[in-house]
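Note sheet for the following structure.
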């Protein structure tokens with residue numbers, strides 16, 4: 001009888017656990033990854049990596065922090081190399097990546113929370129360059145600096161452009177200055193800021209803005225949809241309250 005009673009209690013416990021909503025279990029912790037991509041995400045320590053939320057700032061990072069203050073979930077925020085984080089997040093429950101450009105090619109790879117901020121796909125030339133473009137097609141004759149995992153770089157590669165890839169975009173302004181590349185593809189805000197702060201290079205020439213896409217928090221498909229819905233509600237609440245107003249202006 002003791003064995004039977006113990007078995008019955010075990011079965012009851014398993015049934016109760018099965019009835020607990022997955023979102024309730026998932027509330028323990030979310031893992032949020034980003035990259036050093038000022039002014040959208042940046043390390044306050046000046047390092048390329050950051051291990052804690054207090055060391056990460058920027059337009060998207062501040063928006064995500066405010067969003068998270070509107071939910072009960074605990075979370076960890078880390079700054080890592082983009083391409084590795086992009087691969088790491090996919091397939092892992094309660095993992096997410098920001099700011100991620102939402103494109104048709106990526107649509108089914110994640111669940112999306114946003115938009116957080118827009119990104120302008122821009123081709124920059126070195127200071128003093130005489131390169132002028134009226135269409136993206138005209139850029140085929142040039143060597144373009146990009147980096148692995150970047151949506152803009154990947155798009156140009158897929159379209160057959162001559163793109164020289166690196167692991168990050170931080171060295172690309174210097175490539176322009178040294179003549180190792182003719183153009184650099186990056187966001188309209190990111191280009192001048194990285195050139196100035198990382199290499200003391202002023203006067204990059206914005207040759208062409210050829211696309212604009214919204215950036216989101218990209219949540220793994222293994223994460224419970226209820227969590228994604230909670231995050232979207234938290235973001236909408238933050239935006240409606242006015243708490244997101246003025247964030248972009250602080251980082252220009």
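The values are calculated or read from the model by the stated rules, or taken from the named source; none is laboratory data. Everything quoted here is computed from the prediction, not taken from an experiment. Every residue, glycine among them, receives a Cβ derived from its backbone with ideal geometry; neighbour counts consider all protein chains shown.
Which residues, counting only those in segment 154-187, are in a loop (DSSP other than H, G, I, E, B) and surrounded by 15 or more Cβ atoms within 10 Å (Cβ to Cβ)?
161, 162, 168, 169, 170, 171, 181, 182, listed by residue number.
Could you please find all residues in segment 107-159 being touching a strand residue (DSSP E or B) at 6+ places or on another chain (Cβ under 8 Å) and at positive phi?
Matches in segment 107-159: 114, 128.
Restricting segment 26-54 to residues that are surrounded by 13 or more Cβ atoms within 10 Å (Cβ to Cβ) and assigned to a helix (DSSP H, G or I), which is modelled with the highest pLDDT?
That would be 53.
For residue 149, state whether it is in the same structural domain as residue 179 (by TED's automatic domain parsing), in a loop (DSSP other than H, G, I, E, B), under 19 Å from residue 211 (Cα atoms) and within 19 Å of the chain's Cα centre (by Cα).
yes
Filtering segment 55-80 down to residues that are free of Cβ contacts under 8 Å to residues at least 40 places away in the same chain and part of a helix (DSSP H, G or I), which residue is surrounded by the most Cβ atoms within 10 Å (Cβ to Cβ)?
61
I need a count of the residues in segment 219-242 that are more than 17 Å from the chain's Cα centre (by Cα) and assigned to a loop (DSSP other than H, G, I, E, B).
So the count comes out to 4.
Which condition number does residue 235 fail, the rest of (1) touching a helix residue (DSSP H, G or I) at 6+ places or on another chain (Cβ under 7 Å); (2) outside the structural domain of residue 110 (by TED's automatic domain parsing) being met?
Every listed condition holds for residue 235 apart from (2).
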